[in-house]
Structure formats: structure tokens, C-alpha cells
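The values are calculated or read from the model by the stated rules, or taken from the named source; none is laboratory data. Not measured: the values here are computed from a predicted model. Every residue, glycine as well, gets a Cβ built from its backbone with ideal geometry; the counts of neighbours run over all protein chains shown. For the accessible areas, the whole protein counts, side chains as well, though only heavy atoms, and no ligand, DNA or RNA atoms are used. Shrake-Rupley method; radii C 1.70, N 1.55, O 1.52, S 1.80 Å.
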Amino acid sequence: MSTNIAQTLSAGQSTFPVNTIRTDFPILQQEIHGRQLVYLDNAATTQKPLSVIATLDDYYRHYNSNIHRGVHSLSEKATAAYEASRGKIKDFINAASTKEVIFVRGATEAINLVAQSYGRSTLKPGDEIIISEMEHHSNIVPWQLLCDQTSAVLRIIPINDDGELIMEEYKKLLNEKSKIVAIVHISNALGTINPVKNIIDMAHAVNAVVLVDGAQAVAHTGVDVQSLECDFYVFSGHKLFGPTGIGVLYGKQELLERMPPYQGGGDMIKMVTLKKTLFNDLPYKFEAGTPHIAGVIGLGAAIDYVTKTGLANISAWETALIQYATAESEKVNNLRLIGTAKEKISILSFTLDKIHPHDIGTILDHEGIAIRTGHHCAMPVMDHFQVPATARASFAFYNTHAEVDRLMQGLNKCLEIFG
Amino acid sequence: MFDLKDLYQEVIVDHNRNPRNFRKMQDADRVVEGFNPLCGDRLNLYLKLDQDQIADLSFDGSGCAISVASASLMTDALKGKKVADAESVFDEFHNMVTDNKPHDAEEIEHLGKLAALLGVKDYPARVKCATLCWHTLHTALAGNKKTVSTE
């Protein structure tokens, strides 16, 4: 792919080189049940470009070794690649320093780390943690656990029937007892883009710290943690075209410095005696044990790919796709969209007639179309809309208008079978 | 290549649309709730026994087409049967939807209408939808629990 796409491409969908891009993703070139695969489960995990696959292969083939402590050549090469990835991530989210970029297993582990390290060491009984009704379970359960441990109280920002946060209610929840606000940047179940800058400013006005769950956001929109002024930002590599099992916790340095370690072990220490341990500096203080070295290096390659393609181009293409998909879905009988926020990304969550989403999923699979069906780890969202589950098609920049058509044909087939 | 109709064939679609024995039983001897966290299928199974015989069997709840049709077909097949016979039908059905073998005409014949559910074999993720009601019945017959989950 050409490196100057970012410069030459205006927002026009017609110039986005989707066919070239698709050749970068080998997994897309296959048939499922005799039909060309249409992969529309990108909110669950994204596919990997050849450059990421080749990077992993190269690491394991040519310089697999442990990092930081080795004095031999392979270790030095692996360490350099690992730390170079940290630099790429720092630039990607515009962190002030690589000390603020901590590698973890994924967004889930990052949230648990903040809850158990920052939360557990600072919260007092009666303190309040604010989350929202549209959170993924990974941004609910760690806080419930923390509340059990500290006698803090969990408060919930409700959503409206378009799947948007009710900001007036959020405003009412904020008070001097509010200590942590943990909010999703973009909802995985609804596609809603939340006004995180506003949310952060309002929280800071009462001295609460803010964690933003960016798991769905980083692949679709540019993130600038300094401009957001968020205290913590978390995301997973596998939703950003990188490997599974690797993710990032961004934290403001002054907060991370004050926080106790989350896990003890090798690499997070400066010196250990049997009586006392001197912890390592940031970011290593939070990276106990041998990390997922290949994953980190692979994530760096994924970020290179996304940067080269250009998030503005990606976003423009995906916006065109979701507008088309939404318009086409309105032509399908008895299709009800779940999540109709004014600001949303390329996620189409819906129910169809009285057909259970899992039956939709199985019928579409037979047509070679992969979507997600179920509660999307957001059971409170399902409760709000009084549905047991939804079907969800989520688009990435390698998806096409023709694939939207295939989806709609599949949905009409569902109606035909259950007609 | 198999056809999708192997799973969503008319009998399944019909039993999903008009489930048999879909009612709350006021005078049930045993009521057991079955839950499949994958699909969110949730059913209540109502069992009335007359000594060693299933005098009445009904269900209500909500779920995917496979789970509703399966419960409908099961209740239809087992009403009036002896408990021991129901257990052996359970074993036969469960083995046939979970093993990896093809089945001969005689085996399929022996299952009767329940054979309509054999299509789930091609969709391993959906086998639990078909077996939920059976596990729930198994628990109801054993009479020792109030809820059963497929997980």
C-alpha cells in the first residue's frame, strides 16, 4: 500500500483503496460454507494484516529471546523492538512519555490494574465510583469487586433510548464523594461515541480521576490523551489489528508514580533481598514477569499499518459504510436498530422480527457472513432495551458496500425461513 | 454441502412458531428453570408425575428457535411415557446430537420427530440450545434442584 494515501485521500469513499487493502488481510480470502467470507465481527476482534503476521513470524524465527536482562545480541534486538513499540504507542495516543505506557494483557487487565492499584489504595468507605449503563462487563465487574473490598459505592449514568448517555443525570451524580469515573469511549454494543472530553472536564471539576475504556475507539478514531486530559486510557491490541493477549494502560505519570504495584515478580524490581524489595521505575513497575514480547512488537506493526492507512481515511470510509448499512437496514422488514445515537461508529446492532439473534447468526454463518449475536458482554444494555440479545454487524475499513448488500440478503433469507 | 434446511427445517420452524405444551402448569409436582447463558435461552419446565409415569409435561419461557422447538418436541414425545423410558430417550437423543458419527436410517427412524434436531450436529455452538430442555428434564426427574444451566 502506498504511503501517501493519507495525503492524497480526501474524505471521499470512492478513492479509498479498499480492494488493495483487502489483499493485505489474507484471512479475508477464503470461503465459508461455499461462500466468500464476509467478516462483520470486528467489534469482537479485528483481522490481522500481513505486516503484523510477518512481524510475529520474524520475531519467533529470527530474534526470539527474553528482554531487558540479556546481554546477548538476540536479547538486545528483542528489547529494542519491544521498546520501539512502546514509543509507537506513545505517539499513537500522544502520551507525554513512554513511562506512561504500560503493557498489559488487554483492556480488561488494565481496568483491573487501575481498580486494584489506584482504587484500592485510595478509596474510603462511602466514596463513589461512577460508571454508565452502557459499559462492557469489563468496566463494571472490576469496580463492583473494588466496591466490595473498600465499601465504596457504585453510581450509574443512565442512557436514553437512542443509546446515548444522559448527561444531565451524570451532572447530578457528581459530588465531592465522586473519586473515580470509568467510562467507555465508544460502546461495543451500541456504537455510541461518548463525549469523553466533557465527561473528563466535569469529573475533574470535583477532583475525580477518569479512566476511559478505549477498546472500541482506537481502531476508529484518533485518541490524544493529553488533549483529553484523561487520567487513564485503556485498550486491547487485538481490536486494533494486532495480536490477542496484549493491551495498553496509559496513565498520567504522577498517578502511576503514586500507585502501588499490581503484581510482583521479575522485571518490576530494582533490587530484592529476602526482607525488602525496591521497585523498578515506570513503566516497568507494572510489568511483572516476562511480557508478551511478540504481542508488543506485533502491536507496533499494527499501529504502523493503521497510521500508514490514516485514521482520518479509515473513519471516512467506515462512516460511509455505516450510513449505507443503516439506510439499507431500514428497507428490511421488522428490523429494529438498537443504538441510534447521533454520534456513532460503524456498529449496526439490531433485532429482526421475532427471530432470536442466535438463529440469525447461524443462518448468516451458513451464507458465509460472520456477525456477533448475544448480549455482547453488556447485559445492562440488553436490559435497558428489553431484549435478551441483539445481532451485531461491526465494520472495519476492509469491509465494502458489497458486503453490506450480502448482509441484507442474508437478513432477508432469515425472514424467508421464519416467514 | 449440507443445506441449512437440515437445521431450520419445517418441523423446527413450525414448533418454534407454535410450540406444543407451551403453558404454565398450576399443579405441577416439579418446576425446574433451565438457562443457557450463550443464547440467553430461559425456560421453565413443569412436570406432573403419576407414580412412575409422566402424567403431564409443559414449558414456558423464551429462547432461540432451536431451544423452543426442542422443548416443544420433547414435551410432545414424552408425555405419558414411563420415567425410565424418558431417561432412555434422553440418553439416545443426547448421544445422537453430541457424538461425531453419522447415523443410519434405523437410528433416525427410532428417534421419531426428534430427529429433526439432528441438524445441530453441524453447528457445535448450538448443540446446547437443543439439549437445554433435556438437561432441565433430567434434573426435574431427579428432583434435586431448581435451576439448571448449560454452562
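Some notes on this structure:
- Chains A and B, summed buried accessible surface - 1.4 Å probe, Å², nearest 100: 1400 Å²
- Estimated Rh, segment A:87-163: Kirkwood, alpha-carbon pairs, angstrom: 14.1 Å
- Computed from the alpha carbon positions, the gyration tensor of segment A:185-265 leads to an equivalent ellipsoid with semi-axes of 21, 20, 10 Å, biggest first.
- Rg [Å, one decimal], Dmax [Å, integer] - segment A:290-363, C-alpha atoms: 17.7, 53
- Centre-to-centre, using Cα atoms only, segment A:294-338 and segment B:24-39 are separated by 42 Å.
- Stokes-Einstein diffusion coefficient of segment A:261-419, Kirkwood radius over Cα pairs, 4 °C, 1.567 mPa s, in µm²/s: 68 µm²/s
- Helix-only arithmetic for the protein assembly as shown: the sum of -39500 (n - 2.57) across DSSP H runs with n ≥ 4, divided by the residue total, places the mean residue ellipticity at 222 nm at -11500 deg cm²/dmol.
- Rel. contact order, % - alpha carbon contacts under 8 angstrom, at least six apart, chain A: 23 percent
- Here the extension length gained between A:Gln263 and A:Thr244 equals 4.8 nm, from 0.36 nm per residue of separation less the Cα-Cα distance.
- Using alpha carbons only, the radius of gyration of segment A:1-143 set against its Kirkwood radius gives Rg/Rh = 1.05.
- Overall shape: rounded for segment A:96-225, with the ratio a/c of the largest to smallest alpha carbon gyration tensor axis below 1.5.
- B:Ser88/A:Asn64 FRET efficiency (R0 56 Å; Cβ-Cβ; nearest 0.05): 0.50
- Distance between the pseudo-spin-label points of B:Glu33 and A:Ala54 (7 Å out from Cα toward the beta carbon): 5.5 nm.
- Approximate spin-label separation A:Gln144-A:Lys172, in nm, with each point projected 7 Å along Cα-to-Cβ: 2.4 nm
- Counting only other chain Cβ atoms within 10 Å of each residue's Cβ, the peptide B:54-63 averages 1.
- Cβ-Cβ distance of A:Ile27 and A:Val206, R₀ of 45 Å, FRET efficiency by 1/(1 + (r/R0)^6): the value works out to about 0.45.
- Length gained on full extension, A:Lys197 to A:Thr45, computed as 0.36 nm times the residue gap minus the Cα-Cα distance: 52.1 nm.
- Unsatisfied cross-links (Cα-Cα over 26 Å) in the set B:Lys81/B:Lys113; B:Lys79/B:Lys101; A:Lys197/A:Lys252; A:Lys252/A:Lys285; A:Lys177/A:Lys252; A:Lys77/A:Lys99: B:Lys79/B:Lys101
- Note on the protein assembly as shown: with charges restricted to the Cβ of Lys and Arg (+1) and Asp and Glu (-1), its dipole about the Cα centre is near 1420 debye.
- Membrane-span-like helices in chain B (whole DSSP H runs, Cα extent of at least 15 Å along the helix axis, mean Kyte-Doolittle hydropathy of at least 0.0): B:65-78, B:83-98, B:127-142.
- Here the extension length gained between B:Lys81 and B:Arg23 equals 19.0 nm, from 0.36 nm per residue of separation less the Cα-Cα distance.
- Within the protein assembly as shown, percent of DSSP bridges classed antiparallel, to nearest 5: 65 percent
- Intensity falloff of chain A expressed as log10 I(q)/I(0), Debye formula with alpha-carbon point scatterers, at q = 0.12 Å⁻¹: -1.01
- Near B:His103, once Lys and Arg are set to +1 and Asp and Glu to -1 for all other residues with Cβ below 11 Å from its Cβ, the sum equals -4.
- The mean number of Cβ atoms from other chains found within 10 Å of a Cβ in peptide B:114-127 is 1, as a whole number.
- Here each label is just a point 7 Å from Cα along the line to Cβ, and for B:Gln51 and B:Lys101 those points are 3.6 nm apart.
- Long hydrophobic helices in chain A: the complete DSSP H runs spanning 15 Å or more by Cα along their own axis with mean Kyte-Doolittle hydropathy of at least 0.5 are A:293-309.
- Here the relative contact order of segment B:21-69, from alpha carbon pairs under 8 Å that lie six or more residues apart, stands at 36 percent.
- Calculated FRET efficiency for the pair A:Ser151/A:Glu83, C-beta based, R₀ 51 Å, to 0.05: 0.80
- Other protein chain C-beta atoms within 10 Å of residue C-beta, averaged over A:359-365: 6.
- Inverse of mean 1/r across different Cα pairs in segment A:159-294, Kirkwood, Å: 16.9 Å
- Placing a label point 7 Å from the Cα of A:Ala402 along the Cα-to-Cβ direction, the residues of segment A:39-54 whose backbone N falls under 17 Å from that point are A:39-40.
- Its Cα gyration tensor gives chain B an equivalent ellipsoid. The semi-axes, each the square root of 5 times an eigenvalue, are 24, 17, 14 Å from largest down.
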